[in-house]
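Notes for the one structure printed next.
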Amino acid sequence: MAKRVLIVDDAISMRTQLREIFTDAGFEVIGEAAHGLDAVSMYDALRPDLITMDIVMPYKNGIEATREILEIDRDAVVLICSALGQETLVLDAIEAGASDFILKPFHAGQVLEAVGKILGIAA
């Protein structure tokens, strides 16, 4: 059975890029959210195997959303996708419980390697 992914990013271009990477690699993208508020409610409803999470978003940032998702399910797997220059925020996200991070801009190999590492599957 394919691993199920929820993609969270306020930039539609990043969501599209991640959707293509995951779909091409055989994952099932079960939802997309443009901000942290939707990310939390969608996680609770869909229970994906993996969430990719931007940090800087409107309404609720990725750090807050990660904390809330992990309150719902302490075993949730969150991969932070952050821009260069946001290293302090990335550390805050890891402290909040994110499993790992990748820096934008990224390529498919980087995303799949990180996902393979945190899900324990071959990249």
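Here is a list: Val90, Val56. Which entry is surrounded by 16 or more Cβ atoms within 10 Å (Cβ to Cβ), β-branched (Val, Ile, Thr), out of contact with any helix residue (DSSP H, G or I) (no Cβ under 6 Å at 6 or more places or on another chain) and over 20 Å from Val29 (Cα atoms)?
Val90
Restricting attention to segment 93-115, and to residues there that are assigned to a helix (DSSP H, G or I) and in contact (Cβ under 8 Å) with a residue 24 or more places away in the chain, which single residue is surrounded by the most Cβ atoms within 10 Å (Cβ to Cβ)?
Ala93
Out of all the residues in segment 33-45, is one or more surrounded by fewer than 19 Cβ atoms within 10 Å (Cβ to Cβ) and closer than 21 Å to Met1 by Cα?
Yes, segment 33-45 has at least one match.
Exactly one of (1) more than 10 Å from the chain's Cα centre (by Cα); (2) surrounded by 18 or more Cβ atoms within 10 Å (Cβ to Cβ) is unmet by Glu71. Its number?
It fails just one condition, (2).
Pick from segment 68-103 the residues that are polar (S, T, N, Q) and in contact with a strand residue (DSSP E or B) (Cβ under 8 Å, 6 or more places away or on another chain): which of them is farthest from Pro48 (Cα to Cα)?
Ser82
Every residue in segment 1-13 that is more than 19 Å from Val40 (Cα to Cα) and of a type in the set (A, V, I, L, M, F, W, C), please.
Met1, Ala2
Among the candidates Ile30, Ile118, single out the residue that is touching a Pro at 6+ places or on another chain (Cβ under 7 Å), under 23 Å from Met1 (Cα atoms) and not in a loop (DSSP other than H, G, I, E, B).
Ile30
Ile51: surrounded by 18 or more Cβ atoms within 10 Å (Cβ to Cβ), part of a helix (DSSP H, G or I) and at pLDDT 95 or above, yes or no?
Considered against the rule, which asks whether it is surrounded by 18 or more Cβ atoms within 10 Å (Cβ to Cβ), part of a helix (DSSP H, G or I) and at pLDDT 95 or above, Ile51 comes out as no.
Can Arg74 be described as part of a helix (DSSP H, G or I) and more than 23 Å from Leu112 (Cβ to Cβ)?
no
Please determine, by comparing only the residues of segment 1-27 that are acidic (Asp, Glu) and assigned to a helix (DSSP H, G or I), which one is farthest from Ala83 (Cα to Cα).
Here the residue is Asp24.
Across segment 1-31, what is the total count of residues that are farther than 22 Å from Glu71 by Cβ and crowded, with 19+ Cβ neighbours inside 10 Å?
8
The values are calculated or read from the model by the stated rules, or taken from the named source; none is laboratory data. None of the values given here were measured: they were computed from a predicted structure. Positions of Cβ are backbone-derived with ideal geometry, glycine not excepted, and every protein chain shown enters the neighbour counts.
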